[in-house]
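The values are calculated or read from the model by the stated rules, or taken from the named source; none is laboratory data. These figures come from a predicted structure and were not determined experimentally. For neighbour counting, all protein chains shown are included, and Cβ atoms are generated from backbone atoms with ideal geometry for every residue, glycine included.
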Amino acid sequence: MIKMGDRVSLFENMSKVGTVVGMYPQKSIQGMTGGTMAPLFIIKIKLDKDGSVEDHRADHVMRIDE
């Protein structure tokens, strides 16, 4: 589970390292046979490299221990 203040990196781009500064749910628009899917969580990450803030899906982010 990722929380505010955790150090994280992206699975697709391990050089993007930063700190979680926000999280919010995003409603899913996909439908399944049994109903709709649960909402996705979007994580706001402040990158160490340049201080910019990016939004990424929670399932594309992993917590790191430094």
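Scan the range 28-36 and tell me whether some residue there is of a type in the set (Val, Ile, Thr) and modelled with pLDDT of 90 or more.
Taking the range 28-36 first, the residues of a type in the set (Val, Ile, Thr) are 29, 33, 36.
If we keep only those that are modelled with pLDDT of 90 or more as well, we get none.
So far as the range 28-36 goes, no, none of its residues is of a type in the set (Val, Ile, Thr) and modelled with pLDDT of 90 or more.
Considered as a group, the residues in the range 3-30 that are among the polar types (S, T, N, Q) and in a loop (DSSP other than H, G, I, E, B) include one that is nearest to residue 66 (Cα to Cα), and that residue is 15. Residues in the range 32-51 that are of a type outside the set (A, V, I, L, M, F, W, C) and either closer than 14 Å to residue 19 by Cα or surrounded by 11 or more Cβ atoms within 10 Å (Cβ to Cβ) (or both): 36, 39, 44, 46, 48, 49, 50, 51.
Name the residue, out of 17, 21, 8, that is surrounded by 12 or more Cβ atoms within 10 Å (Cβ to Cβ) and more than 11 Å from the chain's Cα centre (by Cα). Please lay out each step first, then the result.
Working: 21 fails: more than 11 Å from the chain's Cα centre (by Cα); 8 fails: more than 11 Å from the chain's Cα centre (by Cα).
The match here is 17.
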